[in-house]
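Asks: Below you will find the structure I want to go over with you.
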Amino acid sequence: MTSLADPSTTTGGAGTGAAARGAHNPWPGVALAGLLWTAAYSVVEPLSRWISHGLFGLPRGSHVGEAVAFFFYDVPKILLLLSGMIFIITVVRSFFSAERARRVLSGKRVGLGNVLAATLGIVTPFCSCSAVPLFIGFVESGIPLGVTFSFLIAAPVINEVALVLLFGMFGWRVAGLYVASGLAIAIVTGLVLGKLHLERYVEEFVWRTSFRDGHDETGELSWQERFSQARQAVGEILVKVWAYVLVGIGVGAAIHGYVPADALAGYMGKDGPWWSVPLVVLAALPLYSNAAGMAPVLQALVEKGAALGTALAFMMAVVGVSLPETILLRRVLKPQLIAIFVGVVTVAIVLTGYLFNALL
Amino acid sequence: MTTSVDVIEVLGPGCARCFETLRVVRHVVDEAHLPCLVQKDESLERMAELGVMRTPAVAFDGKVVLSGRIPRAQEVRQLLGLA
């Protein structure tokens, strides 16, 4: 096994590291950005009230006034929260890598391995396009199939954009619940898939492939490089989601202003029909990548009487089972295994929805 | 300007991030009029051979120099020894 310090695999990382380390101290810049962020965040609410009631002269308490104030409060708040939290999350994640996860997980048993894999799946930076090479790398190094699945489920189900939005719109309790239930789903689903002995449904070439120990620069990045990667990640995510956030908050604002309170209690509420959870989960499966736009709508729905468990199940189905990732996984998994994988994850999400509706 | 690198490979299954990486690498190579060959490789076998678990990845003459993110042009220049 190649160690982190092996110069043969890390020449590139070390080279850029040395070049960047000579530059300047990144901390004052980060501190200044933090101050500016705090200042901006604290003026969002008064500013939104001034815009809607002062500038536009919309009366307080009116439908349109409420909707407009909601919009101008939520848009900057969510975009600020996304920038700040994605920055911090990316810096934390720069200490983890798929290569590191693979080293930690190889040789771990089923059970403990699933728990570790699900936890690492949250903190390891992961793009759904990497699902396939990662799958091969894990399986080839002897990590059991079920443990590999725990990782592959946790990474997308606990989505950083969804997490930030849930935190911003529902508070830390719901955000924490989301993480806990995502972890539980990843662990249990991995265990179930492991028990089913599905190795025969993995494409044969995967077992024949020999996977070399790869490039891993994670351990030797300078703070400046970590911050610069984080800035880049914030930029990429904002460019990708701002339109969804605007539309989502717009729809949320309209619901907030116009739909009567408790209008949804009968359909999506705690005492609504049993089929409401599976129905919203099935509806959410094809909605991948709209996570950023979903959260504001969910908040408005919950406010009008939808049950929180149903809403969370919806969110997890939107982010957790993505069509593009499933199509990519087809290159290493036979259709039967894809179907079982999607099926088991879906059932787990539905059960979590019921559980929260019963508990909360 | 010149570099000792002959072949630059951009590895990835063909998602937007991989194409963006290819664009950045091509831009640097064209700008400096480098004679190196730039290739986009979507084969899983090649990724396994080079130990790539995070895409997009960039390899110089069969050696991975960057993986898991889209590089900035300046970074590619540094890696190529141009800057």
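Asks: Could you list, in their original order, any pairs among A:Lys77/A:Lys270; A:Lys108/B:Lys63; A:Lys270/A:Lys304; A:Lys77/A:Lys240; A:Lys240/A:Lys334 whose Cα atoms are separated by more than 21 Å? Before the final figure, lay out the partial values.
Replies: Details: A:Lys77/A:Lys270 29 Å; A:Lys108/B:Lys63 29 Å; A:Lys270/A:Lys304 12 Å; A:Lys77/A:Lys240 17 Å; A:Lys240/A:Lys334 32 Å.
Flagged as over cut-off: A:Lys77/A:Lys270; A:Lys108/B:Lys63; A:Lys240/A:Lys334.
Asks: What is the distance in Å between the Cα centroid of segment A:153-229 and that of segment B:1-31?
Replies: So the two Cα centres are separated by 28 Å.
Asks: List residues of segment A:79-99, by number, whose backbone nitrogen lies under 18 Å from a label position 7 Å along Cα→C-beta of A:Ala180.
Replies: none
Asks: Here is a further query. Evaluate E = 1/(1 + (r/R0)^6) for A:Asp271 and A:Ala39, where r is the Cβ-Cβ distance and R0 equals 51 Å; express this FRET efficiency to the nearest 0.05.
Replies: Details: r = 45 Å, r/R0 = 0.88.
Using R0 = 51 Å, I get an efficiency of 0.70.
Asks: Further question on the same structure: Give me the distance between the Cα centres of segment A:316-360 and segment A:43-59, rounded to whole Å.
Replies: That distance is 43 Å.
Asks: Using only Cα atoms and rounding to the nearest 10 degrees, what angle (0 to 90) does helix A:308-320 make with the longest principal axis of chain A?
Replies: 40
Asks: Under 1.5 on a/c is rounded, so check that first for chain B, then, if it is not, pick prolate when a/b is larger than b/c and oblate when it is not; a ≥ b ≥ c are the square roots of the alpha carbon gyration tensor eigenvalues.
Replies: Values: a/c = 1.87, a/b = 1.53, b/c = 1.22.
Taking the square roots of the gyration eigenvalues as a ≥ b ≥ c, chain B is prolate.
Asks: Which order, highest average first, do A:60-66, B:40-46 follow once you tally other Cβ atoms within 10 Å for each residue and take the mean per peptide?
Replies: Details: A:60-66: 13.4, B:40-46: 15.6.
Descending packing order for the listed peptides: B:40-46, A:60-66.
Asks: Still on this model: Peptides A:86-97, A:36-47: what's the order by average Cβ count within 10 Å, highest mean first? Show your work: numbers first, answer last.
Replies: Numbers: A:86-97: 19.1, A:36-47: 12.9.
The peptides rank, most packed first, as A:86-97, A:36-47.
Asks: Okay, moving on. Give the shape of segment A:134-274 as rounded, prolate or oblate, defined through the alpha-carbon gyration tensor: a ≥ b ≥ c are the square roots of its eigenvalues, a/c under 1.5 means rounded, and otherwise the shape is prolate if a/b is larger than b/c and oblate if not.
Replies: Values: a/c = 2.80, a/b = 1.44, b/c = 1.95.
Oblate, because a/c is 1.5 or more while a/b does not exceed b/c.
Asks: Anything losing 40 Å² or more of accessible area from the isolated chain to the full protein assembly: pick those residues out of segment A:88-135, probe 1.4 Å, ligands and DNA/RNA ignored.
Replies: Those residues are A:Glu99, A:Cys129, A:Ser130, A:Pro133.
Asks: Cα gyration tensor of segment A:196-247, axes a ≥ b ≥ c as square roots of the eigenvalues: rounded (a/c below 1.5), prolate (a/b > b/c) or oblate? Don't skip to the answer; put the middle values down first.
Replies: Working: a/c = 4.29, a/b = 1.52, b/c = 2.82.
Oblate is the answer for segment A:196-247, as a/c is 1.5 or above yet b/c matches or exceeds a/b.
Asks: Can I ask one more? Round to a whole number: what % of the accessible area of segment A:91-231 belongs to carbon and sulfur, probe 1.4 Å? If you can, show how the numbers build up before the last one.
Replies: Values: 3150 of 5080 Å².
Carbon plus sulfur share of accessible area: 62 percent.
Asks: Here's something else I'd like to know. If I fit a long axis through the Cα atoms of helix A:145-157 and take the longest principal axis of the Cα atoms of chain A, what angle between them do I get, 0 to 90°, rounded to 10?
Replies: Approximately 30 degrees, to the nearest ten.
Asks: Accessible area per residue of the protein assembly as shown at 1.4 Å probe, in Å²?
Replies: 43
Asks: Right, next: Which peptide among A:208-220, A:125-137 comes first, and what is the full order, when sorted by highest mean count of other Cβ atoms within 10 Å?
Replies: Numbers: A:208-220: 18.8, A:125-137: 24.4.
Output ranking for A:208-220, A:125-137: A:125-137, A:208-220.
Asks: Between the chain alone and the structure with every protein chain in place, find the residues of segment B:1-24 that drop at least 30 Å² of accessible area; heavy atoms, 1.4 Å probe.
Replies: B:Pro13, B:Arg17
Asks: Give me the number: length gained by fully extending A:Ile51 to A:Trp223, i.e. 0.36 nm times residue separation minus the C-alpha to C-alpha distance, one decimal in nm. Intermediate results must be reported in sequence, preceding the final value.
Replies: On the way: separation 172, 0.36 × 172 = 61.92 nm, distance 3.94 nm.
Once the chain is fully extended between A:Ile51 and A:Trp223, it gains 58.0 nm.
Asks: Starting from the Cα of A:Glu236, move 7 Å in the Cα-to-Cβ direction to define the label point; list residues of segment A:181-215 whose amide nitrogen is under 20 Å from there.
Replies: Only A:214-215 pass the distance filter.
Asks: Given only helices, namely DSSP H runs of n ≥ 4 each adding -39500 (n - 2.57), what is the per-residue ellipticity at 222 nm of chain A, to the nearest 500 deg cm²/dmol?
Replies: On the way: 17 runs with 259 residues, N = 360.
Computed mean residue ellipticity for chain A: -23500 deg cm²/dmol.
Asks: Relative to the longest principal axis of the C-alpha atoms of chain A, give the angle of the C-alpha long axis of helix A:63-93, reported between 0 and 90° and rounded to the nearest 10°.
Replies: So the inclination is approximately 20 degrees.
Asks: To continue, here is another question. Using only protein heavy atoms and a 1.4 angstrom probe, determine the accessible area buried between A and B, summed over both sides, in Å² to the nearest 100. Walk me through the numbers on the way to the answer.
Replies: On the way: alone 16910 and 4730 Å², together 19080 Å².
Roughly 2600 Å².
Asks: Let me ask something additional. Calculate the all-directions average of the projected area of the protein assembly as shown's alpha-carbon convex hull, and give it in nm². Present the calculation step by step, with values, prior to reporting the outcome.
Replies: On the way: hull surface 90.1 nm².
Approximately 22.5 nm², given one-decimal rounding.
Asks: Pull the list of the protein assembly as shown cysteines that no other Cys approaches to under 4.7 Å, Cβ to Cβ.
Replies: Cys with no partner Cβ under 4.7 Å: A:Cys127, B:Cys18, B:Cys36.
Asks: How far is it, in nm, from the label point at A:Glu303 to the one at A:Ala263 when both lie 7 Å from their Cα along the line to the Cβ?
Replies: Result for the modelled spin labels: 1.3 nm.
The values are calculated or read from the model by the stated rules, or taken from the named source; none is laboratory data. This structure is a prediction, so every number in the text was calculated from the model and none was measured. Using ideal geometry, Cβ is built from the backbone for each residue, glycine included, and neighbour counts are taken over all protein chains shown. To get the accessible areas, we keep the full protein, side chains included, count just its heavy atoms, and leave off ligands, DNA and RNA. Shrake-Rupley method; radii C 1.70, N 1.55, O 1.52, S 1.80 Å.
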